[in-house]
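J.: One structure follows; several queries about it will come next.
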Amino acid sequence: RSRLLELGRDAVRFGWPQLLTALLVSGLTTLDVALVRTLDTPEAAGLYASASVIGRMGLLLPGALTCIIFVEAARARAGLKLVIITIALAFGLAACVLLPVLVAPGWILGLLLGERYVGAAHLLQVTTAAMCCMAVAQAAMMHLLGRRNYAYVFVLAAAVAGFLLAVYVLKPQALGMAWLLLATNGLVLLACVFMAVAVARREGMALPEMVK
């Protein structure tokens, strides 16, 4: 019974930052699609949604790696070197997704969705870049989460609030929305990487009890 109570306390203690992270990251990867529907024409909104769906490949592929890296980092008692390697690896995977999109966005859209969606080529490039930024940021977040350092949650919350405020003030159309999302996710990336490296240096990346 005491073991069950301990597991319950751990679930509450470590569950809330993970839940908040999931909700806030979801906000920075899906809210833009809903907002474009209210600020632009149905045709533009349809092109944006199509580009966004394909662009999420830049989030999913590196994102799948972060869970594996988190476990391995815990086992290895991760140091600053492993933090940098993890972030660099996530960046490399994101680049593998982004580069083909930058080079041949129209061909990718035509192949996956048909010729009628080729007009979303530039949207695909920008939204994919935004998703790749968030994917690399998540690699840094995993290290911070493993340190029980939840400062990144406040960064995400501020990013969502800032994004919504900018949309309210600027009322961007489809392409402007994509660039605004890229700028927001880019700032999140810089902040999370900076925090992960700073925490690694300050604490020597000594593992907390949750991953011992």
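The values are calculated or read from the model by the stated rules, or taken from the named source; none is laboratory data. Remember, predicted model here, so these are calculated numbers, not experimental data. So basically every Cβ, Gly included, is an ideal-geometry build from the backbone, and we count neighbours across all protein chains shown. Note: accessible area is taken over every heavy atom of the protein model, side chains too, but ligands, DNA and RNA are not part of it. Shrake-Rupley method; radii C 1.70, N 1.55, O 1.52, S 1.80 Å.
J.: On average, how much accessible surface per residue is there in the stretch 93-212, in Å², for a 1.4 Å probe, leaving out ligands, DNA and RNA?
T.: 46 Å²
J.: Now for a separate question. Any idea how far apart residue 26 and residue 104 come out in nm if each label point goes 7 Å out from Cα toward Cβ?
T.: 3.6 nm
J.: Once you order the gyration tensor axes a ≥ b ≥ c over the Cα atoms, which shape class does the stretch 86-171 get: rounded for a/c under 1.5, otherwise prolate or oblate by comparing a/b with b/c?
T.: oblate
J.: Starting from the 7 Å offset along Cα-to-Cβ, what nm value, one decimal, do you get for the label separation of residue 154 and residue 170?
T.: Here the answer is 2.6 nm between the modelled labels.
J.: Solvent-accessible area of residue 179, probe 1.4 Å, all protein chains present, reported in Å² to the nearest ten, please.
T.: For residue 179, solvent-accessible area is about 120 Å².
J.: Something else now. Quick check on the stretch 125-181: take the gyration tensor over C-alpha atoms, sort the square-rooted eigenvalues as a ≥ b ≥ c, and tell me if it's rounded (a/c under 1.5), prolate or oblate.
T.: oblate
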